[in-house]
Amino acid sequence: FTRELDALVKLNPKENKSLAIVHFEEWFAGPGFACIVMNYVDGGTLAQEISAKTEPYTERRIAWYALQISEALAFAHERGVAHHDVKSSNVLIDRVAGGKLLLADFGSAVAPGEDSIFFTEIYASPELLRMRDLDDYSGLEADKVDAFGLGCILFELLCCRKIVDLTDDKTLAEFIEQRGVEAALDLTCIQLPWLESSSSTSQHNIGYSSALRHLVKSILEPQPSIRWTPSQLQKPFREDPRSPLLALHVVASQPPIPGAAVTVDNIQHGMFVQRGQDWDDGDADGGGNGRIGVVIKLDPDVGYTEVVWPYCATKSMCCRIGEGNKYELQVGPTPQYDFFLGT
């Protein structure tokens, strides 16, 4: 109890409620009990979402989830707190906030130089498993351990299945040490169902981009000396034009069905859009529900996008596509094949 309380007090993000960490409110104790009060989150855990999924995750959603968790971990590491049990069941989903994530359960958190107390074996990094067997945690790089845990979550998102169902009763660390990261990222479960399978193709035909694969691989490296930390993921996700959050087009995306809400799962640069169910800008688009705009800029935080409307083309508008669970745009009346053929 005190371990989690200490961690949450250090990480209390009152100055930044958008941070993907559960919000500490207060604590109190009485005869025979003690409680920590945190914000209510209505969407269950990421593990539950993964188990319930019936279709693959889109590339932009995987990247968005990765960005949120990596920023939360980097924030914690800067304040001397390592989560030490990063896994999908310790990530909550806030549906009211548009599906944003919150990192929870800091009961296993460790401070710099502190020995490991508890962790979930199947999500543990290779060096953490070796140190446990030797009962010697000296030299443990806790931020690299958390990075590997994040990599395990991203692996589950790519496969749309829990690790326990994928690695023949091995931990992911054991699987990767025996067969390599590339072998893990080439599992057939990662092949998107709408792509033709071919025995002559490998990782380059799974549907997810090489940019996303590279970022996942960077935090699943078995050697901690070359494994990235969560803080090193920030710039590639937020600034690299090849980032799944900024790329003009990604294959692993939901089809742009006219009339459907524009979300992180179907947005593409150049998409035709119209006013959506939560439009709240009056006639700022030039008037009329039938006006058609064009997406001209993507936001790495994916809650907003920038649109230009022909009748006010001298300036663009920032529209919500999930921020605060509001969806101000819907897909315009454009045939799906136009986006893929570039017509």
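The values are calculated or read from the model by the stated rules, or taken from the named source; none is laboratory data. As the structure is a computational prediction, the values presented were derived from the model and not from experiment. Cβ atoms come from the backbone with ideal geometry, glycine included; neighbour counts cover every protein chain shown.
Take the residues in the stretch 93-151 that are in a helix (DSSP H, G or I) and touching a strand residue (DSSP E or B) at 6+ places or on another chain (Cβ under 8 Å), then tell me which one is farthest from Ala7 (Cα to Cα). I'd like the intermediate steps shown before the answer.
Of the residues in the stretch 93-151, the ones in a helix (DSSP H, G or I) are 95-97, 121-123, 126-134, 142-151.
After this cut, where a residue has to be touching a strand residue (DSSP E or B) at 6+ places or on another chain (Cβ under 8 Å) as well, the list is 142-143, 145-146.
Values: Ala142: 14, Asp143: 15, Val145: 17, Asp146: 15 Å.
Among those that are in a helix (DSSP H, G or I) and touching a strand residue (DSSP E or B) at 6+ places or on another chain (Cβ under 8 Å), it is Val145.
Name the residues in the stretch 97-123 that are closer than 20 Å to Leu46 by Cβ and either of a type in the set (D, E, K, R) or touching a helix residue (DSSP H, G or I) at 6+ places or on another chain (Cβ under 6 Å) (or both), would you?
Within the stretch 97-123, Gly98, Lys100, Leu101, Leu103, Ala104, Asp105, Phe106, Gly107, Ala109, Glu121, Ile122, Tyr123 qualify.
Have a look at Leu172, Leu154, Leu150 and point out the one that is under 28 Å from Val81 (Cα atoms), buried (at least 17 other Cβ atoms within 10 Å of the Cβ), in contact with a Gly (Cβ under 9 Å, 6 or more places away or on another chain) and not basic (Lys, Arg).
So the residue among Leu172, Leu154, Leu150 that is under 28 Å from Val81 (Cα atoms), buried (at least 17 other Cβ atoms within 10 Å of the Cβ), in contact with a Gly (Cβ under 9 Å, 6 or more places away or on another chain) and not basic (Lys, Arg) is Leu172.
Run down Leu233, Leu215 and say which single residue is farther than 16 Å from Leu158 by Cα and touching a helix residue (DSSP H, G or I) at 6+ places or on another chain (Cβ under 8 Å).
Leu233
For residues in the stretch 79-103 being farther than 12 Å from Gln48 by Cβ and aliphatic (A, V, I, L, M), which is surrounded by the most Cβ atoms within 10 Å (Cβ to Cβ)?
It comes out as Val86.
Looking at (1) assigned by TED's automatic domain parsing to the domain that holds Lys100; (2) among the hydrophobic types (A, V, I, L, M, F, W, C); (3) modelled with pLDDT under 95, find the lone condition where Ala252 falls short.
For Ala252, the exception is condition (1).
Just wondering, is there one or more residues in the stretch 272-279 that are without any contact (Cβ under 8 Å) to a residue 60 or more places away in the chain, exposed (fewer than 14 other Cβ atoms within 10 Å of the Cβ) and over 25 Å from Tyr208 (Cβ atoms)?
yes
List every residue pair whose Cβ atoms lie under 8 Å apart, where the two residues are 6 or more positions apart in sequence or sit on different chains, the first residue falls within the stretch 90-103 and is free of Cβ contacts under 8 Å to residues at least 60 places away in the same chain, and the second residue, located anywhere, is in a helix (DSSP H, G or I).
So the pair list comes out as Ile93/Leu46; Ile93/Glu49.
Quick one: in the stretch 47-78, of everything that is assigned to a loop (DSSP other than H, G, I, E, B) and in contact with a Cys (Cβ under 9 Å, 6 or more places away or on another chain), which residue is surrounded by the fewest Cβ atoms within 10 Å (Cβ to Cβ)?
Thr54
Sort through Pro224, Pro256, Pro236, Pro241 and tell me the only one that's without any contact (Cβ under 8 Å) to a residue 40 or more places away in the chain and in a loop (DSSP other than H, G, I, E, B).
Pro241
To keep it simple, each residue is scored yes or no on (1) surrounded by fewer than 13 Cβ atoms within 10 Å (Cβ to Cβ); (2) at pLDDT 90 or above; (3) touching a Ser or Thr at 6+ places or on another chain (Cβ under 9 Å); (4) of a type outside the set (Phe, Trp, Tyr).
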residue	(1), (2), (3), (4)
Pro230	no, yes, yes, yes
Ala261	no, yes, no, yes
Gly290	yes, no, no, yes
Val295	no, yes, yes, yes
Thr314	yes, no, no, yes
Thr334	no, no, no, yes
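Which one is surrounded by the fewest Cβ atoms within 10 Å (Cβ to Cβ) among residues in the stretch 132-147 that are among the hydrophobic types (A, V, I, L, M, F, W, C) and within 26 Å of Leu215 (Cα to Cα)?
The qualifying residue surrounded by the fewest Cβ atoms within 10 Å (Cβ to Cβ) is Leu140.
With the requirement that a residue be surrounded by fewer than 23 Cβ atoms within 10 Å (Cβ to Cβ) and in contact with a His (Cβ under 8 Å, 6 or more places away or on another chain), what does the stretch 106-123 give you?
Filtering the stretch 106-123 down to residues surrounded by fewer than 23 Cβ atoms within 10 Å (Cβ to Cβ) leaves 107-108, 111-122.
Listed by number, the residues that qualify are Ser108, Ser116, Ile117, Phe118, Phe119.
Here is a yes/no grid of residues against (1) touching a residue at least 24 places away in the same chain (Cβ under 8 Å); (2) in contact with a Ser or Thr (Cβ under 8 Å, 6 or more places away or on another chain):
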residue: Pro112; (1), (2): yes, no
residue: Ile122; (1), (2): yes, yes
residue: Arg130; (1), (2): no, no
residue: Asp135; (1), (2): no, no
residue: Gly139; (1), (2): no, no
